[in-house]
Amino acid sequence: MTRDDLFNINAGIVKSLCTAISKHCPEAVVNMISNPVNSTVPIAAEVFKKASTYDSKKLFGVTTLDVVRARTFYAGKKGLAVEDVDVPVVGGHAGITILPLFSQATPKATLTDEEIDALTKRTQDGGTEVVQAKAGKGSATLSMAYAGALFAESCLKGLNGEPGIVECTYVASTVTELPFFSSKVRLGKDGVEEVLGLGALSEYEKKGLEAMKAELKASIQKGVDFAKQS
Ligand SMILES: NC(=O)C1=CN([C@@H]2O[C@H](COP(=O)(O)OP(=O)(O)OC[C@H]3O[C@@H](n4cnc5c(N)ncnc54)[C@H](O)[C@@H]3O)[C@@H](O)[C@H]2O)C=CC1
Ligand SMILES: O=C([O-])CC(=O)C(=O)O
């Protein structure tokens, strides 16, 4: 099962929950963790647009688990303390649309091309690995809860006016030609304060970025079409 297989069940649930949000708490900040995030965020946006409650600054796809995984694998490989490590992860939240930027990882450590490729694939496949291992009994429950809590806490800090709160998250974006994209975002009193750019990418990352675009575009369109048709 892939995240996209969840579409048929989750798209309807997300649509009905978002319809209720637009009716009962139209100004809520929405952290969308339900998969496939690449499509459920566009579904939410369409539902909110139809209800005239859409505020792109308040709709986030939670991709923090990809960052948690990238940090963990990088720290493990290089013998670093995971709490000292940061790795931006951009794109979306499924397979090749998950692009960890190890060239921007801190603290800086030397990685061979083979190590970068292996760490990238491990990050991209981490969720699927767990879903397959649990064989129909759910997903990465505890690490998802941890990632969701980290992201929600950062949102709350931003809403409370704490400066310098930056997280990678899947939002309405002009960073690429795609209407939704995950990159570093500065969180503030209104939700999104600033969508930050990609920074300098390695050749490997530039290729990864181009390679993901068709899939991410199709997943976004699938969400938009579902919301409009149903
Ligand atoms: N963005 C991320 O990093 C991750 C996202 N996920 C996604 O999170 C979601 C939950 O995953 P699990 O906890 O493993 O699934 P699960 O099947 O264990 O839990 C889903 C829960 O949703 C409830 N539910 C079903 N229909 C509902 C409705 N109409 N309204 C309210 N609640 C309803 C069920 O009763 C159940 O308790 C899935 O969409 C999964 O793909 C999972 C891991 C990581
Ligand atoms: O594919 C899934 O449902 C689980 C998931 O998103 C993850 O663990 O990153």
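Using the Cβ atoms and a cut-off under 12 Å, what net charge is assigned to the surroundings of Gly76, where Lys and Arg are +1 and Asp and Glu are -1?
Values: positive: Arg69, Arg71, Lys77, Lys78, Arg122; negative: Glu115.
Surrounding charge for Gly76 is +4.
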Folded to 0 to 90 degrees: helix 141-159 orientation relative to the chain principal axis, Cα: 70
Those aspartates and glutamates that a straight Cα-Cα span of less than 12 Å connects to Lys157, excepting residues fewer than 8 apart in one chain: Glu167, Asp190
Rounded to 10°, Cα long-axis angle of helix 7-24 versus longest principal axis of the chain: 60
Residue among Leu150, Val224, Val195 farthest towards the positive dipole end of region 89-230, charges placed on Cβ: Val224
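For region 64-213, report the convex hull volume of the alpha-carbon atoms normalised per residue, in Å³, without decimals.
Numbers: hull volume 18.1 nm³, N = 150.
Hull volume normalised by residue count: 121 Å³.
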Val30, Val41 arranged by Cβ crowding within 10 Å, fewest neighbours leading: Val30, Val41
Cα-Cα over 32 Å, subset of Lys15/Lys207; Lys50/Lys217; Lys23/Lys207; Lys50/Lys137; Lys78/Lys217; Lys23/Lys189: Lys15/Lys207; Lys23/Lys207; Lys50/Lys137; Lys78/Lys217
Taking His24, His93 and counting other C-beta atoms within 10 Å, the order from fewest to most: His24, His93
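Which net charge results when you count Lys and Arg as +1 and Asp and Glu as -1 among the other residues whose beta-carbon is under 14 Å from that of Tyr204? Numbers along the way, then the final one.
On the way: positive: Lys121, Lys206, Lys207; negative: Asp113, Glu114, Glu115, Asp117, Glu203, Glu205, Glu210.
Neighbour charge sum, excluding Tyr204 itself: -4.
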Convex hull (Cα only) mean projected area of region 89-163, reported in nm² to one decimal: 6.7
Helix-only [θ]222 nm of the chain, DSSP H runs n ≥ 4, -39500 (n - 2.57) each, per residue, nearest 500: -17000 deg cm²/dmol
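Suppose a student asked you for the relative contact order of the chain, using Cα pairs under 8 Å spaced at least 6 residues apart; what percent would you report?
On the way: 375 pairs, mean separation 53.9, N = 230.
Worked out over the chain, it gives 23 percent.
What net charge is computed for the residues neighbouring Val224, neighbours being all others with C-beta under 14 Å from the C-beta of Val224, Lys and Arg scored +1, Asp and Glu -1?
Numbers: positive: Lys15, Lys49, Lys50, Lys217, Lys222, Lys228; negative: Glu46, Asp225.
Here the count lands on +4.
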Angle between the chain longest axis and helix 37-50 axis [Cα atoms, degrees, rounded to 10]: 30
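All of the numbers you see were taken from the coordinates with simple rules; none came from a lab. This is a predicted model, so every value here is computed, not measured. No Cβ is skipped: glycine too gets one built from the backbone with ideal geometry, and neighbour counts run over all protein chains shown.
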